[in-house]
Every structure is written in structure tokens, then in C-alpha cells.
Amino acid sequence: MEKINVNQVEPIGMPIYEMKKLFTKQGNFQEVSMSVISLTPGERIPTVGMSCHDEDEYSYIFRGEIETYCNGEYSVEKAGDATLIPSGEEHWCVNNSSEPCMLVCFMVKKAE
């Protein structure tokens, strides 16, 4: 898993707004989906075991925090952190805090 915090990224000067590019991947993509996820305190995804899928998973935490396990390593992601979990990498996350965690997630399936 790759991780970056939005505060560590230099802004790209644009005429009307400021943009911070967190991850860049090039390639041929078959499908992209975007989801907003709310994890209540104590909630775990998946509820048991590990998650593993054919898509690259890009997430941005914009409220709260979650504990993750990915590729044999534990980590805590907080508001402002962005992660990239490559396809095929086993992982899970749990909200061990007392506050809800909100994140946006993009699933990107590469073309065959």
C-alpha cells in the first residue's frame, strides 16, 4: 500500500483554484467506480477475513481515522491521508476510534 498526506503535497498553481495531485497512474482502464464510505466506530471491512480484488483501490480519508492491515503491515490512516492498494493485495480496515470515519474510494479496473 502506498500512502500520502495531502499536507505533504505541493499545490499545482491553477488560474482559478489550487489542485494537489495525490496519485498518478497511466494505462488502459476498463472500469472506474467512485464510492463514499462511512465507517461507524467498531465497524470493520470486511466484517471477517481479508479483502482482495482485481481493481486498484484509491482512497482519501476526509474525516476521522481507520486502522488498516495491508500486505502484512498495520497502519493508521487519518483525515488528509490518501492510499493506493494495488490489485491483488490482501487488506482490511477497522474504525477503532469513537468517531465516524468518512472516505471516498475509487476502484480502477485495468483493461485486459
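The values are calculated or read from the model by the stated rules, or taken from the named source; none is laboratory data. Fair warning: this is a prediction, and the values are worked out from it, not measured in the lab. In this analysis, Cβ positions are derived from the backbone assuming ideal geometry, glycine residues included, and neighbour counts consider all displayed protein chains. With ligands, DNA and RNA removed, areas are computed over all heavy atoms of the protein, side chains included. Shrake-Rupley method; radii C 1.70, N 1.55, O 1.52, S 1.80 Å.
Overview of values
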{"quantity": "Förster radius 30 Å - calculated FRET efficiency between residue 2 and residue 48 (Cβ-Cβ, nearest 0.05)", "calculated": "0.70"}
{"quantity": "Accessible surface of segment 2-84 [probe 1.4 Å, protein heavy atoms]: carbon and sulfur percent", "calculated": "49"}
{"quantity": "Relative contact order [Cα under 8 Å, 6+ residues apart], the chain, whole percent", "calculated": "39"}
{"quantity": "Accessible area per residue, Å², segment 17-112 with all protein chains present, probe 1.4 Å", "calculated": "60"}
{"quantity": "Given [x] 108; [y] 171; [z] 117, the label whose value is volume of the Cα convex hull per residue in Å³ derived from this model", "calculated": "[z]"}
{"quantity": "Qualifying lysines (Cα of each under 16 Å from Cα of residue 3; at least 8 residues distant if same chain)", "calculated": "20, 21, 25, 78"}
{"quantity": "Trypsin sites (Lys or Arg not before Pro) within segment 24-96, DSSP loop, no more than 11 other Cβ atoms inside 10 Å", "calculated": "25"}
{"quantity": "Rg(Cα)/(2.2 N^0.38 Å) for segment 10-55, N = residue count", "calculated": "1.78"}
{"quantity": "Accessible heavy-atom area order of 93, 101, highest first, probe of 1.4 Å", "calculated": "93, 101"}
{"quantity": "Nonlocal amide H pairs with residue 79, under 5 Å, H built at 1.01 Å", "calculated": "64"}
{"quantity": "Selection of GluC sites (Glu not before Pro), segment 13-58, meeting DSSP coil and at most 16 other Cβ within 10 Å", "calculated": "43"}
{"quantity": "Accessible-area value, residue 23, 1.4 Å probe, nucleic acids and ligands omitted, Å²", "calculated": "50"}
{"quantity": "Additional length obtainable on full extension of the chain from residue 26 to residue 105, 0.36 nm per residue less Cα span", "calculated": "26.6 nm"}
